[in-house]
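J.: The structure under discussion is supplied below as structure tokens; questions concerning it will follow.
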């Protein structure tokens, strides 16, 4: 836990006012690790990284490190990868790739000029019209962080989910400090859901950490199913 506290404080110190509020306000590259608890059992770790690949071009990648029991279900190779363009107008995904081991694969290619997004998901073909603000499963996370950095409420965000587009609403619940081993860190709690779903996500974003989440919970039918907690983070 001491390593975690030091990592958080070092990352916060690296975010100077000039860097944090440069125009356009883009997220800062970082690498982080989250511990994952699923239905009360340790499920392993999730490693995430946001990096730049040129002006306005970002790559966000997540790599799962399943625990011994979880690996029997999902396999050992769990990777998602999103390439996006970020400018003063916001986040625009360009491509998305998923390799979830035994759980399936998928990809999306966004053609904004032609107004279409096409690909496959778990063997099903996808060909959908794009709409303003449309995101993929990873870029939506960066879109929320980017909006918060710019002092804008995320509101409702459309996302390609499987072979259809669904709309997720983000509601600011409260300023809710997160308790750490030797103190608290200020966070802003948001809840996210979509019409007709029994699932709810709670995410604690930390302003001092560029609004990167320190904790996230996934609930189904009002019961907590998955909990992710930030273990370490570093600037890239």
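Readers should treat all values here as calculations from the given coordinates under stated rules, not as data from a laboratory. Please read all numbers here as calculations on a predicted model, not as lab measurements. Every residue, glycine among them, receives a Cβ derived from its backbone with ideal geometry; neighbour counts consider all protein chains shown.
J.: Using R₀ = 45 Å, calculate the FRET efficiency as 1/(1 + (r/R₀)^6) where r is the Cβ-Cβ separation of residue 39 and residue 112; round to 0.05.
T.: After rounding to 0.05, the efficiency reads 0.70.
J.: Something else: Could you calculate the FRET efficiency of residue 193 with residue 234 from 1/(1 + (r/R0)^6), where r is the beta carbon distance between them and R0 is 25 Å, rounded to 0.05?
T.: Result of the calculation: an efficiency of 0.20.
J.: So, one more: Between residue 125 and residue 167, what FRET efficiency follows from the Cβ-Cβ distance if R0 is 22 Å, with the result rounded to 0.05?
T.: Efficiency, rounded to the nearest 0.05: 0.50.
J.: Follow-up question, since we're still on this one. Need the full-extension length gain, residue 184 to residue 79, defined as separation in residues times 0.36 nm minus the C-alpha distance. One decimal, nm.
T.: Once the chain is fully extended between residue 184 and residue 79, it gains 34.6 nm.
J.: Would you mind giving the average projected area, over all directions, of the Cα convex hull of region 141-187 in nm² with one decimal?
T.: Seen from a random direction, the Cα hull of region 141-187 projects 4.5 nm² on average.
J.: Using only the alpha-carbon atoms of region 155-236, report the extent along each of the three principal axes, biggest first, to the nearest angstrom.
T.: Ordered largest first, region 155-236 gives principal extents of 43, 31, 21 Å.
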